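Remarks on the structure that follows.
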Amino acid sequence: MENHKTLSPADQRRALQSEPGFHDLPPETQQRELNQLDRLNNMNPQQRSRMLDRTEALERLSPAQRQQWRGAVQQLKSLPIPRQRLVGRAILDLRDMPPQQREQTINSPAFAAQFSPDERSMVHTLLMTEPYPPSPAP
């Protein structure tokens, strides 16, 4: 994406389709990748940057960590909608915290009262790909 950010969306689509191996992917995977590119192009710059940062963080995970993260995504999707929203809101709140504050919050009695141990573990795992906010300047 970074190499093609100056291209028009149509040219980005063509560049993606000309990537080695793209046409070896199943048609549904090809379409999913093209849809993801379209979503990225429709995001504002801040959203796009955050999404690309998360994607890069996911790529830096070990295969075992990546599998653990995917399992947490599936676990989140399997929750009832109200719980998905509650967990999602917690992730949004936590992702803007520095690492130590995230851990303190997840391990706090108030958080434990609101979320099951499985949900807390899921939140922790899903936050592995959330970039930490920059440290405030001294």
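The values are calculated or read from the model by the stated rules, or taken from the named source; none is laboratory data. All figures in this text were calculated on a predicted structure; none of them were measured in a lab. Counting neighbours? That spans all protein chains shown, and the Cβs are built from the backbone with ideal geometry, glycine included. Side chains included, ligands, DNA and RNA excluded: accessible areas come from the protein's heavy atoms. Shrake-Rupley method; radii C 1.70, N 1.55, O 1.52, S 1.80 Å.
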In this structure, is ARG48 over 20 Å from the mean Cα position of the chain (by Cα) and outside any loop (DSSP other than H, G, I, E, B)?
no
Could you please let me know if ARG48 is modelled with pLDDT under 95, within 30 Å of THR6 (Cα to Cα), exposed (fewer than 15 other Cβ atoms within 10 Å of the Cβ) and basic (Lys, Arg)?
no
Can you name the residue in region 1-25 that is outside any helix (DSSP H, G or I) and open to solvent by 60 Å² or more (accessible area, probe 1.4 Å) and is also modelled with the lowest pLDDT among such residues?
MET1
Testing GLN75 on (1) in contact (Cβ under 8 Å) with a residue 12 or more places away in the chain; (2) open to solvent by less than 50 Å² (accessible area, probe 1.4 Å); (3) within 16 Å of the chain's Cα centre (by Cα), one condition comes back false. Which one is that?
(2)
Is it fair to say SER108 is over 14 Å from the mean Cα position of the chain (by Cα), open to solvent by 40 Å² or more (accessible area, probe 1.4 Å), over 14 Å from GLU130 (Cβ atoms) and of a type in the set (Gly, Ala, Ser)?
no
Given the conditions (1) outside any helix (DSSP H, G or I); (2) open to solvent by 60 Å² or more (accessible area, probe 1.4 Å), every one holds for MET43 apart from (2)
Just one listed residue, out of ARG85, ARG66, ARG60, is under 25 Å from GLU33 (Cα atoms), open to solvent by 70 Å² or more (accessible area, probe 1.4 Å) and within 19 Å of the chain's Cα centre (by Cα), and it is ARG60
